[in-house]
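The values are calculated or read from the model by the stated rules, or taken from the named source; none is laboratory data. Bear in mind that the values here come from a model prediction, so they are computed numbers and not experimental data. Quick reminder, even Gly has a Cβ in these numbers, built from the backbone with ideal geometry, and neighbours come from all protein chains shown. With ligands, DNA and RNA removed, areas are computed over all heavy atoms of the protein, side chains included. Shrake-Rupley method; radii C 1.70, N 1.55, O 1.52, S 1.80 Å.
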Amino acid sequence: MMEGVVVKLPSFPFLNPTVSPSSSNCRLGFRRFSASLSAAVKEGSVSLGHSTRPDFPILHQEVNGSKLVYLDNAATSQKPTAVLKALQNYYESYNSNVHRGIHYLSAKATDEYELARKKVAAFINASDSTEIVFTRNATEAINLVAYSWGLSNLRPGNEIVLSIAEHHSAIVPWQIVAQKTGAVLKFVSLDENEVPDVEELRETISERTKLVVVHHVSNVLGSVLPIEDIVIWAHAVGAKVLVDACQSVPHMVVDVQGLDADFLVASSHKMCGPTGIGFLFGKSNLLSGMPPFLGGGEMISDVFLDHSTYAEPPSRFEAGTPAIGEAIGLGAAIDYLSGIGMQKIHDYEMELANYLYEKLCSVPNIRIYGPKPSDNIHRAALCSFNVENIHPTDLATFLDQQHGVAIRSGHHCAQPLHRHLGVNASARASLHFYNTREDVDEFIRSLDDTVSFFNSFK
């Protein structure tokens, strides 16, 4: 059986196959923090992970003969029964197009679709639901800002400040816009803790800066940026700030009014909602001054043969039939998350994050990327890592085929960051509130077995 597995395991060239144990960032300085959270997030002896797992049918299955351990939540989250039922109910009971009908089904669908928008607004504390634009995903939301706001406001010599740790979705659209407008991209590197250098970012922001594009939580490093401070620095020179909140909105309280960000994007599928829908938050005064991104039905006020006038936001940016069922499913996901409480989710995940980091540090010759957790430095519930002389895709394949453990391998849509780290890929284990310590323990046992297997060929 093992010989058959070896045939299926791919092996790829590794830019830096030697991960020195001496470079491992596994000094443990967070036990007191983890212990204090442990008491705060458990009710009796039942953790949040154990109490919510029954709501997620997909988690209760075997994969390749082993119990599924799903640790790929930074790529997408699983969906609770409440979301699945909301989608089924829409298609079974009131499937209809929105905004354009007076009959019962259309009115019902419209009400539920717009209610979902209000739920998103309340979830991130937007001042009004008109500040929420539904998009296909966060990538489209960033492109909307790039093509609508960017092409209209950027001029030659204007600067856009980003970090080298941004997702490709937050880099490529601005590269295209910069080529069209003559704007210049300025990239901030990492500091000694493998976090985007906040002081360098502050110094990079200048009178030439027109936009700062940053993640809230890194999908590779697990680091959390001080968005409130960044917004203050940017606004001091008249620049706008776009926040990629895909890895924060599903895991912590996000208050757009408190952050004072000008734009913020997130994806439904990472927050227990359906795929195919995301959203853009934009301040009302900015959205009102932006031209349409796409043309067609829904986004117009009046159409003449020689010109058209456009609807007010958010309709101006939602051309054509929207993802109605997906929006309703997102609303159900928000209801579910809100029923638990985002602060409770965050506290539990912080405990689990520290536990994951501590256990990973026990694996020989491992290199974990990003900051070391401590009482003062908190990192998200994900770890990207490499093990000396073993390609991450080999690790991920063996974990799946032999142990039913689902992690991700690759560059995680962050090639510039991986080049900076000296590798072309990494493995990543990422948690959500329905994961448990037992999931982490099984992952570590499986990873130890996987490492032993590959080391046996040396």
(request) Would you be able to tell me the number of residues in the stretch 325-359 that are farther than 17 Å from residue 382 by Cα, among the hydrophobic types (A, V, I, L, M, F, W, C) and open to solvent by 10 Å² or more (accessible area, probe 1.4 Å)? (result) 4
(message) Against the conditions (1) under 25 Å from residue 441 (Cβ atoms); (2) open to solvent by less than 20 Å² (accessible area, probe 1.4 Å), where does residue 417 fall short? Just the number, please.
(response) (1)
(message) Show me the strands (runs of 3 or more DSSP E) entirely contained within the stretch 212-312 in which 2 or more residues are open to solvent by 60 Å² or more (accessible area, probe 1.4 Å) and not polar (S, T, N, Q).
(response) 300-303
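Per-residue answers, yes or no, for (1) among the aliphatic types (A, V, I, L, M); (2) farther than 14 Å from residue 382 by Cα:
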position	(1), (2)
412	no, no
419	no, yes
427	yes, no
432	no, no
443	no, no
454	no, yes
(message) Just checking, does the stretch 347-355 include any residue being within 21 Å of residue 193 (Cβ to Cβ) and without any contact (Cβ under 8 Å) to a residue 12 or more places away in the chain?
(response) no
(message) Checking residue 378 against (1) open to solvent by 20 Å² or more (accessible area, probe 1.4 Å); (2) at pLDDT 95 or above; (3) assigned to a loop (DSSP other than H, G, I, E, B): exactly one of these is not met. Which one?
(response) (2)
(message) Where the second residue is among the acidic types (Asp, Glu) and in a loop (DSSP other than H, G, I, E, B) and the first is closer than 21 Å to residue 132 by Cα and lies in the stretch 304-319, which pairs have Cβ atoms under 7 Å and are six or more apart or on separate chains?
(response) 315/298; 318/298; 319/298
(request) Answer yes if at least one residue in the stretch 116-139 is farther than 30 Å from residue 220 by Cα, touching an Asp or Glu at 6+ places or on another chain (Cβ under 9 Å) and modelled with pLDDT under 95, and no otherwise. (result) no
(request) Could you tell me which of the residues 148, 206 is over 17 Å from residue 235 (Cα atoms) and either surrounded by fewer than 22 Cβ atoms within 10 Å (Cβ to Cβ) or in contact (Cβ under 8 Å) with a residue 12 or more places away in the chain (or both)? (result) 148
(message) Looking at the stretch 372-400, I want the residues that are free of Cβ contacts under 8 Å to residues at least 60 places away in the same chain and have a partner that is open to solvent by 30 Å² or more (accessible area, probe 1.4 Å) and of a type outside the set (Lys, Arg) with Cβ atoms under 6 Å, at least 6 apart or on another chain. Which pairs are those?
(response) 392/409; 396/409
(request) For the stretch 313-324, name all the residues that are β-branched (Val, Ile, Thr) and open to solvent by less than 40 Å² (accessible area, probe 1.4 Å). (result) 324
(message) over 18 Å from the mean Cα position of the chain (by Cα) and buried (at least 22 other Cβ atoms within 10 Å of the Cβ): which single residue out of 412, 391 fits that description?
(response) 391
(message) Which numbered condition in (1) open to solvent by 30 Å² or more (accessible area, probe 1.4 Å); (2) in contact (Cβ under 8 Å) with a residue 24 or more places away in the chain is the only one that residue 111 fails?
(response) (2)
(message) Here is a list: 435, 386. Which entry is touching a Lys or Arg at 6+ places or on another chain (Cβ under 9 Å), more than 27 Å from residue 191 (Cα to Cα) and open to solvent by less than 20 Å² (accessible area, probe 1.4 Å)?
(response) 435
(request) Kindly provide the set of residues from the stretch 151-174 that are of a type in the set (A, V, I, L, M), more than 22 Å from residue 314 (Cα to Cα) and open to solvent by 30 Å² or more (accessible area, probe 1.4 Å), ordered by number. (result) 172
